[in-house]
Structure formats: structure tokens, C-alpha cells
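The structure that follows is given in the form of C-alpha cells.
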Amino acid sequence: MIHVIAIITTKPGQRETVLQAFRANVPNVHAEQGCIEYEATVDSSPALKFQTEIGPDTFLVVEKWESTAALEAHLAAPHMAAYSAKTRDLVAHRAIHVLARA
């Protein structure tokens, strides 16, 4: 299994607009072969004492895929290209971490 943590920081005030596009695309991603989990997450509120907040313009995408091949197919999917085109100008930075069990 492949784990992915994507840290998406939008331009100021654009997080909800990007999340709306993300949510609209989720059913397409869930229908992909090999998708185990795919969801957006934001800071839990109220924040706990030990919590490091990601902030109002950032969200994390938590993904699990059956294999590297499934993840690669996801990245090449037409609906992902459409999502990227729709949100590209609203995103300030993204960092993608692809992980395996230790």
C-alpha cells in the first residue's frame, strides 16, 4: 500500500474555493481502481495544546492507494488534469509526500 500526504497552501482566502473543486472531484477519484482513501483535512478546532496548526489557507489531502501503479494512473486521470487546471491559479504551494509503511 502507498500512502500520500499532500500539503496544499492556497493563495490567501482561496482555500474554500479550492476545497469546493476538490470535493466535486472526490467521487471520480473514489471510483478509480486502487483508491483506498482520498480526503481533504483541515485543522481540528478547537486546537489542542500540542497541535501545530496548518493555518487558514492550507489543507492536507490524505490518500491511500493499493500500489504505485494505481497512484500513477490517478495522476494521469483526465479528471485530475481538469481539477488541476481549475485550481492552478488559486494554489500558492504544494508539497507531495509519497510514503510506505516503515
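The values are calculated or read from the model by the stated rules, or taken from the named source; none is laboratory data. Being a predicted model, the structure only gives us computed values, none of them experimental. Positions of Cβ are backbone-derived with ideal geometry, glycine not excepted, and every protein chain shown enters the neighbour counts. Heads up: the accessible areas ignore ligands, DNA and RNA and are worked out on the full protein's heavy atoms, side chains in. Shrake-Rupley method; radii C 1.70, N 1.55, O 1.52, S 1.80 Å.
If you consider only alpha-carbon coordinates, what radius of gyration and Dmax does the range 1-101 have, in Å?
Spelled out, the Cα radius of gyration and Dmax of the range 1-101 are 13.9, 42 Å.
Ranked from the most accessible area to the least, with a 1.4 Å probe and all protein chains present, what is the order of ASP89, ASP43? Please report the intermediate quantities before stating the final value.
Working: ASP89 120, ASP43 40 Å².
The most accessible residue leads, giving ASP89, ASP43.
Taking only Cα atoms of the range 50-102, what ratio of Rg to Rh do you get with Rh as the Kirkwood inverse-distance radius?
On the way: Rg = 13.8 Å, Rh = 13.6 Å.
Ratio value, two decimals: 1.02.
Ignoring ligands, DNA and RNA, what percent of the 1.4 Å accessible area of the chain is carbon and sulfur?
On the way: 3660 of 6510 Å².
With neighbouring chains kept in place, the figure for the chain is 56 percent.
Quick one: accessible area per residue over the chain, 1.4 Å probe, rounded to a whole number of Å²? Let's see the in-between values first.
Working: 6510 Å² over 102 residues.
That works out to 64 Å² for each residue.
For the chain, give the magnitude of the charge dipole about the Cα centre (Cβ charges: +1 Lys/Arg, -1 Asp/Glu; no others), in debye to the nearest 20.
Working: 9 positive and 11 negative charges, 35 e Å.
Magnitude of the dipole: close to 160 debye.
Taking 7 Å along the Cα-to-C-beta vector as the label spot, tell me the ALA102-ALA82 distance in nanometres, rounded to one decimal.
Inter-label distance under the simple model: 4.0 nm.
Continuing with this model, one more query. Please arrange LYS49, LYS11, LYS64, LYS86 by accessible surface area, largest first, computed with a 1.4 Å probe and ligands excluded. Write out the running numbers ahead of the final one.
Values: LYS49 210, LYS11 90, LYS64 60, LYS86 145 Å².
Reading off the accessible areas and sorting them downward yields LYS49, LYS86, LYS11, LYS64.
Among ALA73, SER84, ILE2, which residue has its Cα positioned farthest towards the positive end of the charge dipole of the chain, with +1 placed on the Cβ of Lys and Arg, -1 on the Cβ of Asp and Glu, and the dipole taken about the Cα centre?
So the residue we want is SER84.
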